[in-house]
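Asker: Dropping the structure in here first, questions after.
The values are calculated or read from the model by the stated rules, or taken from the named source; none is laboratory data. All values reported here derive from a predicted model rather than from experimental measurement. FYI the Cβ positions are ideal-geometry reconstructions off the backbone, even for glycines, and counts take in every protein chain you see. Please note that ligands, DNA and RNA were not included when accessible areas were found on the heavy atoms of the full protein model with its side chains. Shrake-Rupley method; radii C 1.70, N 1.55, O 1.52, S 1.80 Å.
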Amino acid sequence: MVTDDVVVRLNQELAGTKVLSVYLHAEENDPAERHAWRLRLDSRLKEVEEGLADATKEEKRAFAAAVELIEEELERYTGYLPDRGWVGFATSDRLWHASPLPAPMPDLVRWEDGAHMAPYVRALKQARPITVVVLDRKHARFCEYVQGELTEGEILRSNSAIVDGQPEGSSKRAGGSSGQRGESRADAVQRSEEAATQRMLRDVTERTEAAAKSGHLLVVGGSSEVVSSLVRSLSDRARDRTMEVSSISADTTGAELKEAVEEAASALSLRLQRELVADVINTTRSAGRACLGHEQTERAIQAGAVDTLIFSRSFARNYPGAVEQLVDGALQQGGSVFDTAPSYGEA
């Protein structure tokens, strides 16, 4: 499974060790191309092997042993690779990690000191869980979106209090007194329903806050009035991680909900990235603890002073070697790494 812990652990444990890093693109849909990834892998492995022509016999044997471990792991796939990408890391004596990835990957094979982590960083955003809440005055539907899959969760219901001995929806004839002086039965039912909605909202708020504290992004939709009440009740931290989606309603199908969540999460992720970049720029201008540019960032990493590294897609595309060095340095320090490429459901 794709997690920040996996990235940091592998980067630290494999530093200075010869590692075979393999990334594979896995978005083929044409049946005629279901084995194409194997041909691409063989081609790239051959290129690396040819580059070792002048290496020692020990290194050539180590590379061959790592290749064998990767190929043994891939034997389980008789056709298409699962998901949108695949990654594997192996040394001569051990397969350290192998898994499908929820984001498209380049076809890439590296034999070098340490695990090649820069492409993996992109998959981390797809792995970030999203809590989805669809609610109206009487129901709150919870779902979770993780690595391209939407899973239905609990449904909370507001249970209106019994009014004058009769539950909501009973057949007792309307009209007359509710038992409170000057209040009709209809008013009493409305008051009871409102109280039940508020109780449900408190429960929803508590669960949503807990999800935000666990690092989830939040997507909410449904009745605009109730959604607005929920968002107002959230803490500033949770509200910053929340995206309201007006197109989501109680009647939204699972497929429609998944599409809406992916679109909303990408927009929310982009908003958070821009806010983070703006904070870095403002902090730099005020002579705070931030820096911009390749050279300054490299000096900060050499000084062991980087807590969060952010790089753009264009920089990664134009300077892949520099990105790899910066990512390695940040992860060695236990820092976080973000790229500003699109995320959920996007290439």
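Asker: Heavy atoms only, 1.4 Å probe, whole protein assembly: order ASP251, ASP113 by accessible area, highest first. Working shown, then result.
Answerer: Working: ASP251 140, ASP113 95 Å².
From most exposed to least exposed: ASP251, ASP113.
Asker: If you don't mind, there's one more thing I want to ask. Subtracting the Cα-Cα distance from 0.36 nm times the residue separation, let me have the gained length for GLU206 to SER336 in nm, one decimal.
Answerer: On the way: separation 130, 0.36 × 130 = 46.80 nm, distance 2.79 nm.
Result: 44.0 nm gained on full extension.
Asker: Under a 5 Å amide H to amide H cut-off, with H placed in plane at 1.01 Å, what residues pair with SER223 once short-range neighbours are removed?
Answerer: Hits under the 5 Å cutoff: LEU135, ASP136.
Asker: Quick one: which residues, 5 or more positions from LEU309 or on another chain, have an amide H under 5 Å from its amide H? H modelled 1.01 Å from N in the peptide plane, none for Pro or chain starts.
Answerer: Residues meeting the amide H criterion: SER336, VAL337, PHE338.
Asker: First check a/c for the stretch 1-134, with a ≥ b ≥ c the square roots of the eigenvalues of its C-alpha gyration tensor; if it is under 1.5, answer rounded, and if not, answer prolate when a/b is larger than b/c or oblate otherwise.
Answerer: Values: a/c = 2.39, a/b = 1.33, b/c = 1.80.
In terms of gyration-tensor shape, oblate.
Asker: GNM, the chain, Cα, under 10 Å: largest mean-square fluctuation among VAL121, VAL189, VAL306?
Answerer: Of the options given, VAL189 has the highest mean-square fluctuation.
Asker: In the chain, what is the count of Lys pairs whose alpha carbons are under 27 Å apart, counting only pairs at least 8 residues apart or on separate chains?
Answerer: Step by step, the pairs that qualify in the chain add up to 11.
Asker: On the accessible surface of the stretch 108-150, probed at 1.4 Å, how many percent belong to carbon and sulfur atoms? Numbers along the way, then the final one.
Answerer: Working: 600 of 1280 Å².
On the stretch 108-150, the fraction of accessible area on carbon and sulfur atoms equals 47 percent.
Asker: Could I ask something else about it? Excluding GLU68 itself, calculate the net charge of residues whose Cβ lies under 14 Å from the Cβ of GLU68, where each Lys or Arg counts +1 and each Asp or Glu counts -1.
Answerer: Numbers: positive: LYS60, ARG61, ARG94; negative: ASP42, GLU49, GLU71, GLU72, GLU73, GLU75, ASP93.
Neighbourhood net charge equals -4.
Asker: Once you've got the GNM for the chain with C-alpha springs shorter than 10 Å, pick whichever of GLY51, GLY148, GLY254 has the biggest mean-square fluctuation.
Answerer: Evaluated over the chain, the most mobile residue of the options is GLY51.
Asker: Rounding to the nearest 10 and keeping the result within 0 to 90°, find how far the Cα-based axis of helix 36-51 lies from the longest principal axis of the chain.
Answerer: Tilt of helix 36-51: around 40 degrees.
Asker: Calculate how steeply helix 254-285 sits against the longest principal axis of the alpha-carbon atoms of the chain, using the helix alpha-carbon long axis, and give the answer as 0 to 90 degrees to the nearest 10.
Answerer: Rounded to the nearest ten degrees, it is 70.
Asker: Under a 5 Å amide H to amide H cut-off, with H placed in plane at 1.01 Å, what residues pair with ALA103 once short-range neighbours are removed?
Answerer: Here ARG84, GLY85 satisfy the definition.
Asker: Another question, if that's okay. Specify the angular offset, from 0 to 90 degrees and rounded to the nearest 10, of the alpha carbon long axis of helix 57-74 from the longest principal axis of the alpha carbons in the chain.
Answerer: Taking Cα atoms only, the helix is inclined about 30 degrees.
Asker: A follow-up question, please. Averaged per residue, what accessible surface does the stretch 61-131 expose to a 1.4 Å probe, in Å²?
Answerer: Working: 2570 Å² over 71 residues.
With all protein chains present, the stretch 61-131 gives 36 Å² per residue.
Asker: Separate question: If you work out Rg/Rh (Cα atoms, Kirkwood Rh) from the coordinates, which of (1) 1.12; (2) 0.94; (3) 1.00 do you get?
Answerer: (1)
Asker: If each of LEU270 and LYS57 carries a label point 7 Å out from its Cα toward its Cβ, how far apart are those two points in nm?
Answerer: 5.8 nm
Asker: In the stretch 59-102, what percent of the accessible surface is made up of carbon and sulfur (1.4 Å probe, ligands and nucleic acids excluded)? Don't skip to the end; give the middle numbers.
Answerer: Details: 920 of 2000 Å².
For the stretch 59-102, the apolar C and S fraction of the accessible surface comes to 46 percent.
Asker: Remind me, relative contact order of the chain in percent, using alpha carbon pairs under 8 angstrom and six or more residues apart?
Answerer: Dividing the mean separation by the residue count of the chain yields 16 percent.
Asker: Okay, next question. About its Cα centre, how strong a charge dipole does the stretch 72-137 have in debye, to the nearest 20, once Lys and Arg get +1 and Asp and Glu get -1 at the Cβ? Can you show the working numbers first?
Answerer: Values: 8 positive and 9 negative charges, 94 e Å.
Its charge dipole is roughly 460 debye.
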